[in-house]
Amino acid sequence: MTSQTTTAAASGTWKLGDLTVNRIGFGAMRLTQHGEAFAADAIPRDRDQAIRVLRRAVELGVNHIDTAAFYFSSLRSANELINQALASYPDDLVITTKVGPGRDPSGQWLPHATPEQLRGQVEENLRQLGRDHLDVVNLRIVGTDSIAERFGALAELREAGLIRHLGLSNIHPHHLAEAQSIAPVVCVQNMYGIGASAEQQEFMGLCGEQRVAFVPFYSIAGTGRDGGATTDHSPEVHTIARAHGVSAAQIRLAWTLHQGPHVLAIPGTGDLDHLAQNVAAGSLRLSVEELTDLDSRHSPASR
């Protein structure tokens, strides 16, 4: 396997509603700065480098990009970088964005949007991306409260033609059922990776049964979360990585994709080499024994 020639098509495809995407996508969160995401003192990433990464991702077959208007640093906006790099957009490119959270110009987090404020967030994404509609909009939430009013507001924007498909982020199973009673849900974005809890595993499976894409975040970062890729790889991950001649991060991505055909990956990077490695992970095939070893050694009960 050569990461330079492997494309995202090797990962297989899934449909977000009527939009077909390769299962290896790209997350835009890390495009705007070096170091921990959203850190006030982080160094802005070189604009030309970020644009090269986006264009190279598309050249490598990535046709699913995850972003948000709140992905920005002091000098960079992920949405505007995407616009500059990729407009006019390829016909098969699907851009997924998130609404709910917000940040003021200084980068401080604001209270999550009310139903009335969500339209403004959708319009801001449209403006920054230079689009007349958004392919997929995920409602990101915190907590366990009802999402009916907020999701209903997005469903109205879908009916108005501003949004093509709807998804959810950082949710519990009852939120999915509640949303589905209002409008179709094409994807769920939740934290998930090696070491996922039994509840997370069960929810991932439930999404598959309902033909809802499950899109993990922090599948590489793990416990590093906003800080970036974890260095806390177990000996088992390193052993399997050496056997395949790849990085530990690639094994984490491959494990994620092996969890079901409905599981998509959106690893983010601002580095061209890491981008090629992430895309190449979509062609990795782990054996039953390797998957069993990773599952058993990384279950919460064995930690």
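Within the range 149-197, the set of residues being free of Cβ contacts under 8 Å to residues at least 60 places away in the same chain, closer than 22 Å to N125 by Cα and of a type in the set (D, E, K, R) comprises E149, R150, E156, R158, E159. Screening the range 27-85 for residues that are part of a strand (DSSP E or B) and modelled with pLDDT under 90 and picking the one that is surrounded by the most Cβ atoms within 10 Å (Cβ to Cβ) gives Q33.
Please specify each residue of the range 206-241 satisfying the condition of being under 20 Å from V137 (Cα atoms) and either modelled with pLDDT under 90 or not hydrophobic (A, V, I, L, M, F, W, C) (or both). So that I can check it myself, show each step before the final result.
Narrowing the range 206-241 to residues under 20 Å from V137 (Cα atoms): 207-208, 210-218.
Scanning the range 206-241 gives G208, Q210, R211, P216, Y218.
In this structure, is G107 touching a residue at least 24 places away in the same chain (Cβ under 8 Å), out of contact with any His (no Cβ under 7 Å at 6 or more places or on another chain), in a loop (DSSP other than H, G, I, E, B) and at positive phi? It is true that G107 is touching a residue at least 24 places away in the same chain (Cβ under 8 Å), out of contact with any His (no Cβ under 7 Å at 6 or more places or on another chain), in a loop (DSSP other than H, G, I, E, B) and at positive phi. If the condition is being surrounded by fewer than 23 Cβ atoms within 10 Å (Cβ to Cβ) and among the charged types (D, E, K, R), then the range 246-274 contributes D271, D273. Just give me the residues in the range 127-168 being in contact with a strand residue (DSSP E or B) (Cβ under 6 Å, 6 or more places away or on another chain) and small (G, A, S), in sequence order. The one that is in contact with a strand residue (DSSP E or B) (Cβ under 6 Å, 6 or more places away or on another chain) and small (G, A, S): G167.
The residues in the range 242-279 that are in a helix (DSSP H, G or I), of a type in the set (A, V, I, L, M, F, W, C) and touching a Leu at 6+ places or on another chain (Cβ under 9 Å) can be counted, and the count is 8.
Taking the residues in the range 124-167 that are acidic (D, E) and either over 21 Å from the mean Cα position of the chain (by Cα) or in a loop (DSSP other than H, G, I, E, B) (or both) as candidates, determine which candidate is farthest from Y89 (Cα to Cα). Here the residue is D145. Residues in the range 86-95 include none that are crowded, with 16+ Cβ neighbours inside 10 Å, of a type in the set (G, A, S) and not in a helix (DSSP H, G or I). If the condition is being of a type in the set (G, A, S) and at pLDDT 85 or above, then the range 278-303 contributes A280, A281, G282, S283, S287.
The values are calculated or read from the model by the stated rules, or taken from the named source; none is laboratory data. Bear in mind that the values here come from a model prediction, so they are computed numbers and not experimental data. Cβ coordinates were reconstructed from backbone atoms using ideal geometry, including for glycine residues, and neighbour counts include every protein chain displayed.
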